[in-house]
Amino acid sequence: MSRSRTITWVVLIAAIAAAGYYGWQRYSGAQEAAARAEAQKKVRAVGVTIAPVEKADFPVYLTGLGTVQGFNTVLVRTRVDGQIDKIAFKEGQMVKEGDLLVEIDPRPYQATLDQAKAKKAQDEANLANANLDLQRFTQLGEFATKQQTDTQRSTVQQLTAQIEADQAAIANAQTQLDYTAIKSPIPGVAGLRQVDIGNIVNASTQTGIVTVAQVEPIAVIFTAPEEQLPAITAAQAIRPLRVIAITTDGKKPLAEGTLAVINNQVDSTSGTIRLKAVFDNKDHNLWPGQSVSTRLLVNTLKDATVVPDDAIQHSTNGLYAYSVDQDNKAVLNKVKVSQSIDGRSVVAEGLSPGQRVITAGQYKVSPGTLVSSAVASSDPAQPKVQSE
């Protein structure tokens, strides 16, 4: 009896030990499975950057290249011959209309003016004497012949006409004397001078003295494709069209102006139309001869669906973008883009405002991939006209 009890206890203890071991194994396996699942979950989550799909007004620009020109440019030349006595400007100086630029030796022209004035004084004295004689002949009545009276009256008329000619000669001499003081015909910037003090200049020489270019306001000449001409003319009929001038690298806005002129014909060789924009240019960011990039605002799309350019990807089947669903899984969306500028694109089809799109890390993503994300701005800094 004692032996059977011992065997029973041994069997019972062994069963309890086996049950404990089995329970421990199951618990340990469940923990390991949970740990493996958590690890796999962490491994599958791909780090990406996302941005929201937004509804916003989107400006539609026509971009191009242009050249800055002085609003008015004058090659200053002499209108009389003579020696330069004085140069009254500095190269690169801002000059006003009427400012003295160069002075030519005025003495020969002053002498001619004085001579004309003296001739007029002489003829006025002769006229006075002729008038007195005419009065005497008239007072003599029948004692003076009609021929004498008529001859004297003719002499008076001749001297009167001579005085008018003298006055014209004085005006011409004064004009020639005034031309010895060469003044700026427009406000602007004086360029490099072509002559020095002591040089002899003459009116027949084609080489000028200096060029003056007006820079306030200033103009930019640029081109647009001829197929855009109807849109430009239609928009201009509604409102003045805004033009932005930017550095050729596209990084720095320089000035903002308005479209002033559409050329009267299309260049058939290039298929473009020349346009002219005018800028106030108070800060002198634009300079004659400078090359700039231009943006002509022809339209503004209201409540457009806008995403960052980085969200748009290219494939052999067209454009696509990855969106992120509520479960943080990537979803492939085929899209159509209608406009793109300044790091933003307008999506015509494929996305809706409120969705989230992946803007970085797409190369690690496929449809259904679990992602972990950092939010990026979907509205890059827009160019703003700045004054230095």
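The values are calculated or read from the model by the stated rules, or taken from the named source; none is laboratory data. Everything numeric in this text was worked out from a predicted model, so none of it was measured. As a convention, Cβ positions derive from the backbone with ideal geometry for all residues, glycine included, and neighbour counts pool all protein chains shown.
Using beta carbons and a limit of 8 Å, which pairs, at least six apart or on different chains, have the first residue in segment 314-337 and farther than 23 Å from SER372 by Cα and in the same structural domain as TYR363 (by TED's automatic domain parsing) and the second one surrounded by 11 or more Cβ atoms within 10 Å (Cβ to Cβ) and polar (S, T, N, Q)?
LEU319/GLN313; VAL337/SER345
If a residue has to be in contact with a Lys or Arg (Cβ under 8 Å, 6 or more places away or on another chain), of a type in the set (Val, Ile, Thr) and buried (at least 18 other Cβ atoms within 10 Å of the Cβ) to count, how many in segment 47-81 make the cut?
Matching residues across segment 47-81 total 3.
Here is a yes/no grid of residues against (1) touching a Leu at 6+ places or on another chain (Cβ under 6 Å); (2) modelled with pLDDT of 95 or more; (3) buried (at least 16 other Cβ atoms within 10 Å of the Cβ); (4) under 30 Å from PRO288 (Cβ atoms):
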{"position": "LEU101", "(1), (2), (3), (4)": "no, yes, yes, yes"}
{"position": "ALA130", "(1), (2), (3), (4)": "yes, no, yes, no"}
{"position": "GLN158", "(1), (2), (3), (4)": "no, no, no, no"}
{"position": "VAL195", "(1), (2), (3), (4)": "no, no, yes, yes"}
{"position": "ASN202", "(1), (2), (3), (4)": "no, no, no, yes"}
{"position": "GLY208", "(1), (2), (3), (4)": "yes, no, yes, yes"}
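Name the residue that is farthest from PRO106 (Cα to Cα), counting only residues in segment 239-251 that are surrounded by fewer than 18 Cβ atoms within 10 Å (Cβ to Cβ) and not charged (D, E, K, R).
By that ranking, first place goes to GLY250.
Filtering segment 171-193 down to residues that are assigned to a loop (DSSP other than H, G, I, E, B) and within 37 Å of the chain's Cα centre (by Cα), which residue is surrounded by the fewest Cβ atoms within 10 Å (Cβ to Cβ)?
Here the residue is LEU192.
Taking the options ILE163, ILE186, name whichever one is of a type in the set (Val, Ile, Thr), over 30 Å from PHE89 (Cα atoms) and in contact (Cβ under 8 Å) with a residue 24 or more places away in the chain.
When all the criteria are applied, what remains is ILE163.
Hey, can you tell me all the residues within segment 286-301 that are modelled with pLDDT of 90 or more and either of a type in the set (A, V, I, L, M) or part of a strand (DSSP E or B) (or both)?
LEU286, SER291, VAL292, SER293, THR294, ARG295, LEU296, LEU297, VAL298
Quick one: in segment 210-238, of everything that is in a strand (DSSP E or B) and β-branched (Val, Ile, Thr), which residue is surrounded by the fewest Cβ atoms within 10 Å (Cβ to Cβ)?
ILE221
List the pairs whose first member sits in segment 82-105 and is free of Cβ contacts under 8 Å to residues at least 40 places away in the same chain, whose second member is aliphatic (A, V, I, L, M) and in a loop (DSSP other than H, G, I, E, B), and whose Cβ atoms are under 7 Å apart, counting only residues at least 6 apart or on separate chains?
none
If a residue has to be of a type outside the set (D, E, K, R) and over 10 Å from the mean Cα position of the chain (by Cα) to count, how many in segment 223-258 make the cut?
18
For every residue, the table says whether it meets (1) at pLDDT 90 or above; (2) surrounded by fewer than 16 Cβ atoms within 10 Å (Cβ to Cβ); (3) out of contact with any Gly (no Cβ under 7 Å at 6 or more places or on another chain); (4) not assigned by TED's automatic domain parsing to the domain that holds ILE200.
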| position | (1), (2), (3), (4) |
| --- | --- |
| GLN122 | yes, yes, yes, no |
| LEU140 | no, yes, yes, no |
| THR155 | no, no, yes, no |
| GLN167 | yes, yes, yes, no |
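Do any residues in segment 231-244 that are under 24 Å from ASN281 (Cβ atoms) have Cβ atoms under 9 Å from those of residues that are of a type outside the set (S, T, N, Q) and part of a loop (DSSP other than H, G, I, E, B), where the two are at least six apart or on different chains, and which pairs are they?
If the second residue must be of a type outside the set (S, T, N, Q) and part of a loop (DSSP other than H, G, I, E, B), the pairs left are ILE232/LEU241; ALA235/LEU241; ILE244/PRO383; ILE244/VAL385.
Looking at (1) in a strand (DSSP E or B); (2) of a type outside the set (Ser, Thr, Tyr); (3) surrounded by fewer than 16 Cβ atoms within 10 Å (Cβ to Cβ), find the lone condition where ASP283 falls short.
For ASP283, the exception is condition (1).
Look at segment 321-353 and say how many of its residues are assigned to a strand (DSSP E or B), over 12 Å from VAL306 (Cβ atoms) and charged (D, E, K, R).
Going through segment 321-353 one residue at a time, the tally reaches 4.
Taking the criterion of being in contact with a Pro (Cβ under 8 Å, 6 or more places away or on another chain) and assigned by TED's automatic domain parsing to the domain that holds GLN162, would at least one residue in segment 107-118 satisfy it?
No, there is no match, as no residue in segment 107-118 is in contact with a Pro (Cβ under 8 Å, 6 or more places away or on another chain) and assigned by TED's automatic domain parsing to the domain that holds GLN162.
Test ASP325 against the criterion of being more than 25 Å from MET94 (Cβ to Cβ), at pLDDT below 90 and surrounded by fewer than 19 Cβ atoms within 10 Å (Cβ to Cβ), and give yes or no.
Taking the combined requirement at face value, the residue satisfies it.
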